[in-house]
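Here is the structure we will look at, set down as structure tokens.
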Amino acid sequence: MNIAPDDPNVDFSILADQWSKVVAESNGGPLPPNELAYTQHEIMSNLIETMAEYIESFSSNKGYNINMIQAEAMAWIGLDDSIAWTVMDQNLKETYENIIDYEIANFDILAIGSECN
């Protein structure tokens, strides 16, 4: 549909919901909303795991010392309004929130270079 991936006006959660519905229906028919939410959580978790591996690898190659939990938290940034985030285990969500808050609050200290225009 010629949607630019960096368009701030596009709500990609609709795409994720529709894709999850198609996947759920292809595995034996429509699912109730709570099971659809769980299916979306499973799909998102797999994507998050892949993104976290890239973040951890990139960070290690740049000399930063982060673990996989920190990388997973960073992979969840921006997805806190998704169904997958909503149904996540509360303790894990709090761990991720603490890491994200720490990274956001302390990033300026580690920033190198000048701000982009």
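The values are calculated or read from the model by the stated rules, or taken from the named source; none is laboratory data. Everything numeric in this text was worked out from a predicted model, so none of it was measured. Note that we place each Cβ from the backbone using ideal geometry, even for glycine, and neighbour counts take in every protein chain shown. All accessible areas refer to the heavy atoms of the entire protein, side chains included, with ligands and DNA or RNA removed. Shrake-Rupley method; radii C 1.70, N 1.55, O 1.52, S 1.80 Å.
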* Of these, I43, I48, which one is touching a Phe, Trp or Tyr at 6+ places or on another chain (Cβ under 7 Å) and at pLDDT below 90? -> I48
* Filter region 43-70 for residues that are under 27 Å from L15 (Cβ atoms), more than 10 Å from the chain's Cα centre (by Cα) and open to solvent by less than 40 Å² (accessible area, probe 1.4 Å) and give the result. => I43
* Residues (part of a loop (DSSP other than H, G, I, E, B) and in contact with a helix residue (DSSP H, G or I) (Cβ under 7 Å, 6 or more places away or on another chain)) located in region 59-78 -> I66, I77
* Return the only residue of I55, I48 being touching a residue at least 24 places away in the same chain (Cβ under 8 Å) and of a type outside the set (G, A, S). => I48
* Structure fact -> Per the list (1) outside any helix (DSSP H, G or I); (2) more than 12 Å from the chain's Cα centre (by Cα); (3) touching a residue at least 24 places away in the same chain (Cβ under 8 Å), residue check on D81 breaks on (2)
